[in-house]
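As structure tokens, the structure follows; a few thoughts come after it.
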Amino acid sequence: MKRKESSRPKLPKVSEEMKAWSAALADEAAGWPQVSARPFFGFTALYRGDKMFAALPRTRGWESAKSLAFKLETSASSVSARLKEDSRMHIWSSPLREARWFSFELSSDADIHDALDWLGRAYDAAAKSKKPR
């Protein structure tokens with residue numbers, strides 16, 4: 001897992017292939033309980049109730065033209081280990097915060113399964129996260 005110096009990600013234009021992958025992921029997540037989707041600066045933001053847990057590219061990528069973003073609390077050591085070992089993963093939030101934003105880069109259809117797994121983890125974490133003050 002690479003840490004970027006900038007706290008603000010680049011937002012490159014996405015390909016038609018990435019738009020198709022994002023649409024497939026959004027369609028799958030739409031079937032989960034309490035999920036809604038809203039436009040968000042070139043992305044489709046996915047919410048569980050009132051908590052945003054992911055951003056899927058519509059016209060812009062999160063860090064690269066083939067990446068999506070999700071929010072996750074990384075207290076479980078097994079999840080932290082997976083995040084660190086996966087070269088497709090990048091962290092965007094401060095390590096001092098409990099909930100962090102990650103980007104996941106897709107390079108082929110084979111990555112859809114793993115992307116959906118990370119979105120599922122983010123969805124589950126949104127149900128457990130604390131309410132904002």
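A compact table of results
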quantity	calculated
Listed residue pairs exceeding 24 Å between alpha carbons, taken from K19/K71; K84/K128; K13/K84	K13/K84
Peptides 29-40, 56-67, 113-124, 13-24 ordered by average Cβ neighbours within 10 Å, highest first	56-67, 113-124, 13-24, 29-40
Net lengthening on full extension, E16/D111 (0.36 nm per residue, minus Cα-Cα)	32.6 nm
Shape category assigned to segment 13-52 from the gyration tensor of Cα positions, a/c cut at 1.5	oblate
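Readers should treat all values here as calculations from the given coordinates under stated rules, not as data from a laboratory. The model shown is predicted, which means the values in this text are computed figures rather than measured ones. Using ideal geometry, Cβ is built from the backbone for each residue, glycine included, and neighbour counts are taken over all protein chains shown.
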